[in-house]
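Enquirer: Dropping the structure in here first, questions after.
The values are calculated or read from the model by the stated rules, or taken from the named source; none is laboratory data. Quick caveat, the model's predicted, so the values are computed rather than measured. Every residue, glycine among them, receives a Cβ derived from its backbone with ideal geometry; neighbour counts consider all protein chains shown. All accessible areas refer to the heavy atoms of the entire protein, side chains included, with ligands and DNA or RNA removed. Shrake-Rupley method; radii C 1.70, N 1.55, O 1.52, S 1.80 Å.
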Amino acid sequence: MADKMNEAAQAVFKAQNELAAKGFSAAEAGLGQMTGMAKSGAEASRVEARETRQAWDGMMAYAQTRNGKVAELVREMAAVPASGDAGAKPEVRELVREIMDGDSGFYAACAEYVTGVEQRRVELIAGMLQANTAMVESGQEVVKSSFDYGQALMDWSVAMVKGPSASAQK
């Protein structure tokens, strides 16, 4: 029975060591997840600030160019008498085409910016989910190790209660 008690004690120590190792591993995974999220959030903020600044600069440049073309179009239209056909002038048609082309490019750039925001957000969330998954898996290992430790402790307790005299009586 002494062998049984010794084996049970060794099993308790082994399970306790595994539980401690899994606990440290889970803590490390949690710390890594928090650190990763902080780094990812900071990088995402930098990227969004840069992308937003570029989009804003592009919008301002576009607005200035468009306003200049619209002002030029208004001047061309005002130079033609009310009874005249200003739309037939090649300069007017060219200005209208340039304005429409600019508007088309502007709306495409806006759509590209919004799509980029969504794509970066999805990538950030996917990265966070991977980190969370690793942390949950590590936590599950702690729970399993806790159960194993509890079982080993119970086996050891039973062996202690029975004592070495139980085997001698059999």
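Enquirer: Identify, from the list Glu18, Glu43, Glu48, Glu28, the residue that is in contact with a Leu (Cβ under 9 Å, 6 or more places away or on another chain) and over 30 Å from Glu91 (Cα atoms). Working first, answer last.
Expert: Numbers: Glu18 fails: in contact with a Leu (Cβ under 9 Å, 6 or more places away or on another chain); Glu48 fails: in contact with a Leu (Cβ under 9 Å, 6 or more places away or on another chain); Glu28 fails: in contact with a Leu (Cβ under 9 Å, 6 or more places away or on another chain).
None of the other options fit; the residue is Glu43.
Enquirer: Among the residues of the stretch 62-82, count how many are open to solvent by 80 Å² or more (accessible area, probe 1.4 Å) and in a loop (DSSP other than H, G, I, E, B).
Expert: So the answer is 2.
Enquirer: Restricting the first residue to the stretch 37-52 and requiring it to be closer than 15 Å to Leu129 by Cα, which pairs with a second residue that is at pLDDT below 95 and assigned to a helix (DSSP H, G or I) meet a Cβ separation below 7 Å and a spacing of at least six or different chains?
Expert: These pairs meet every condition: Met37/Met128; Met37/Ala131; Ser40/Leu124; Ser40/Gly127; Ser40/Met128.
Enquirer: Which number in (1) at pLDDT below 90; (2) over 30 Å from Arg46 (Cα atoms); (3) not acidic (Asp, Glu) marks the one condition that Leu124 misses?
Expert: The failed condition is (2).
Enquirer: Consider Gln16 carefully, then state whether it is under 26 Å from Val142 (Cα atoms), touching a Phe, Trp or Tyr at 6+ places or on another chain (Cβ under 7 Å) and open to solvent by 50 Å² or more (accessible area, probe 1.4 Å).
Expert: yes
Yes/no per residue for (1) aliphatic (A, V, I, L, M); (2) surrounded by 12 or more Cβ atoms within 10 Å (Cβ to Cβ); (3) out of contact with any helix residue (DSSP H, G or I) (no Cβ under 8 Å at 6 or more places or on another chain):
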| residue | (1), (2), (3) |
| --- | --- |
| Met100 | yes, no, yes |
| Val114 | yes, no, yes |
| Gln119 | no, no, yes |
| Val136 | yes, yes, yes |
| Ser145 | no, yes, no |
| Gln151 | no, yes, no |
